[in-house]
Structures are given as C-alpha cells and as structure tokens.
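The values are calculated or read from the model by the stated rules, or taken from the named source; none is laboratory data. Since the structure is predicted, the reported quantities are computational estimates derived from the model, not experimental observations. Backbone-built Cβ (ideal geometry, glycine too); neighbour counts: all protein chains shown. The area values use the complete protein model at the heavy-atom level, side chains included, leaving out ligands, DNA and RNA. Shrake-Rupley method; radii C 1.70, N 1.55, O 1.52, S 1.80 Å.
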Amino acid sequence: MLDPHRHSRWSEALRRHGLPASYVNRVVGEWADHEAELREENPSMDAERLETRMGTAEQLATFAAGLFRRRTFAGPHPGRPPAAGQLRVTAGR
C-alpha cells in the first residue's frame, strides 16, 4: 500500500530545497510511481526496505535539487557560462 505520509515527507524535503511547486508535484508523482512499481514487484516490501531501495526523503530531495539546478543553469546556456555573452558584448564597446 502506498504511504501518503511518505509522499508528504518527500514534498516537504523538496520544498526545503526551495524548488518550485510544479517541480515538487512532478517529482513526487514520479517517485510515487516508482514506489508503486517496487511494491508491485514485491508486495511484502516493508517501509524500511523501501527506503533502503529508494533513499530517505532528504537524500532524494538533495539529488532532485541538484538535477533541477543543473538543468536550469545549463538549459538556456549550453556549453558556456550565463555571463559569457554579456561580457563579450560589453568588452566590444
């Protein structure tokens, strides 16, 4: 059975990392799907074993926050730092 308290702990941990609500909702949904798949594979899996497989709420949130920050930093500026374009324009004047 899926644990709504676990999902709340995931949400809280993600929010503590300052992630946007839309990202928190999406990630919690993905983790809930993964939890359901693990429980489908092994219906007798207890909460402790599930946490051992997936990680604690804080471990998962730290990992997700790192992915989010890398994605948002590198997304609009692949292969160069965000200020590189501004420096080139400013230096050319």
Query - residue 41 being modelled with pLDDT under 90 and acidic (Asp, Glu) - result: no
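What helices (runs of 4 or more DSSP H) lie completely within the range 19-74 and have 3 or more residues being more than 18 Å from residue 9 (Cβ to Cβ) and open to solvent by 80 Å² or more (accessible area, probe 1.4 Å)? First the steps, then the outcome.
Details: elements: 21-41, 47-54, 57-74.
The qualifying helices (runs of 4 or more DSSP H) are 21-41, 57-74.
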Query raised in the report: Since residue 79 meets every condition but one in (1) modelled with pLDDT of 90 or more; (2) open to solvent by less than 100 Å² (accessible area, probe 1.4 Å), which condition does it not meet?
Result: (1)
